Amino acid sequence: MYAVGLCVDTAYLLPSLVTLLSLADATPDRASAAVRVLTPDLSRADAAMMAATVRFLGFRSFDLRWVRPGWRVVDGSYISTATYLRFDFDAGFVDRPHLVYLDSDVLVLGDLTSPLGTLARGRIGLVRDLFNHTVGTGPALPGVADRWPGFRGRPYFNAGAMWCDTEVLARLHTDVARIMRHDGRHIHYNDQDALNLWGLRHDSVQPLPPEFNTFEVDRFAELGDWVHPILAATKVPSSPVVLHFVGAEKPWLDNCPSTPAVGLYRRYLRHARRLARW
């Protein structure tokens, strides 16, 4: 048994419904999966609509809690402020042995559960970041490789999809908050950097295959040449389980390049609008 956790503010309410619709399509046994939502600002009417949608989709268990982010956002105006609640899930609220956290700018296209069967106790499952993939080679974790040379060259992970047992949530919350407070000089990508520093210090990250957090990259290829050297040096999975629309070019925006994946997203978006009577 597991719960899927989302962090949703008013700006990302409709995208979160898209994520849930795709999750429902990808999850045949929806009755065994719970949905848990943290929000800083949804109205009670929005929360009720979301609960009704989740139950309409066949998920039997839904809960929502209002929480305020505990630190200042320092990068990216396009990023939902609710993202910084992802370490505020606790075991009592999740009420399941495992939590799969997802950002609200993803499509779920396959089975989320397989990493849970191999996840070692006390570790969290993450996928290496496609763009900022290595400690000491990009803007992430500034100064960490100089201060701790042993961390140079280690993998750097994206926090947009995360698998964990609920026993680790309390320690993760406390440690990430402490890093955000006391290690600010090493923070560029907010709590994602804090999560990576925590994982480096405690060897607490279990790497997962790239299909569990695959970036949609065709949008970037249409907008500039900078992405081509990165793509030449790696292999983007052709059958993602989680397809992540990172960056400012979000698929629900009119100025987003119309790639095949964006077309798929917008079909879900139209369905979400009908369900929400948007």
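Listing for the model above:
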quantity	calculated
Vicinal HN-Hα couplings computed from phi for the range 145-152 (Karplus, 6.51 cos²θ - 1.76 cosθ + 1.60; Hz; Gly/Pro x)	5, 6, 6, 10, x, x, 8, 4
Within the range 111-128, backbone nitrogen closer than 12 Å to the virtual label 7 Å beyond the Cα of SER239 toward Cβ	111
Residue-span extension gain [ALA248 to ARG266] - 0.36 nm each, minus C-alpha spacing	4.8 nm
Relative contact order for the chain, counting Cα pairs under 8 Å that sit 6 or more residues apart, in percent	21
Low-density loop cleavage sites - chymotrypsin sites (Phe, Trp or Tyr not before Pro) in the range 158-220, where at most 12 other Cβ are within 10 Å (DSSP)	none
Distance between the range 79-115 and the range 8-44 - C-alpha centres, whole angstrom	10
Whole-number accessible area per residue in Å² for the chain, which is evaluated in the context of all protein chains at 1.4 Å	43
FRET efficiency, ASP25 to THR118 (Cβ-Cβ, R0 30 Å, nearest 0.05)	0.75
Helix-derived mean residue ellipticity, 222 nm - over the chain, DSSP H n ≥ 4, -39500 (n - 2.57), to 500	-10000 deg cm²/dmol
Potential lengthening between ARG181 and ARG273 on full extension [0.36 nm per residue; Cα-Cα distance subtracted]	29.2 nm
Contact order normalised by residue count of the range 1-104, Cα under 8 Å, 6+ apart, percent	43
Among (i) 17.9, 54; (ii) 18.7, 56; (iii) 24.8, 87, the entry derived from the coordinates for Rg and Dmax of the Cα atoms in Å	(i)
In sequence order, calculated HN-Hα J values of the range 253-266 (Karplus, 6.51, -1.76, 1.60; Hz; x Gly/Pro)	9, 5, 8, 6, x, 8, 8, x, 5, 5, x, 4, 4, 5
Of all accessible heavy-atom area on the chain, the percent that carbon and sulfur account for (1.4 Å)	51
Longest DSSP-loop-exposure-free segment, trypsin sites (Lys or Arg not before Pro), the chain, at most 14 other Cβ within 10 Å	153-234
Calculated from backbone phi, Karplus (6.51, -1.76, 1.60) coupling profile of the range 173-179 in Hz, x at Gly/Pro	4, 5, 6, 5, 4, 5, 5
Cα gyration tensor category, rounded, prolate or oblate, for the range 121-193 with a/c compared to 1.5	oblate
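The values are calculated or read from the model by the stated rules, or taken from the named source; none is laboratory data. In this text the structure is predicted, and so the values were computed from the model without any measurement. Heads up, the Cβs are rebuilt from the backbone with ideal geometry, glycines too, and the neighbour counts pull from every protein chain shown. Surface areas here come from the heavy atoms of the whole protein model, side chains and all, with no ligands, DNA or RNA. Shrake-Rupley method; radii C 1.70, N 1.55, O 1.52, S 1.80 Å.
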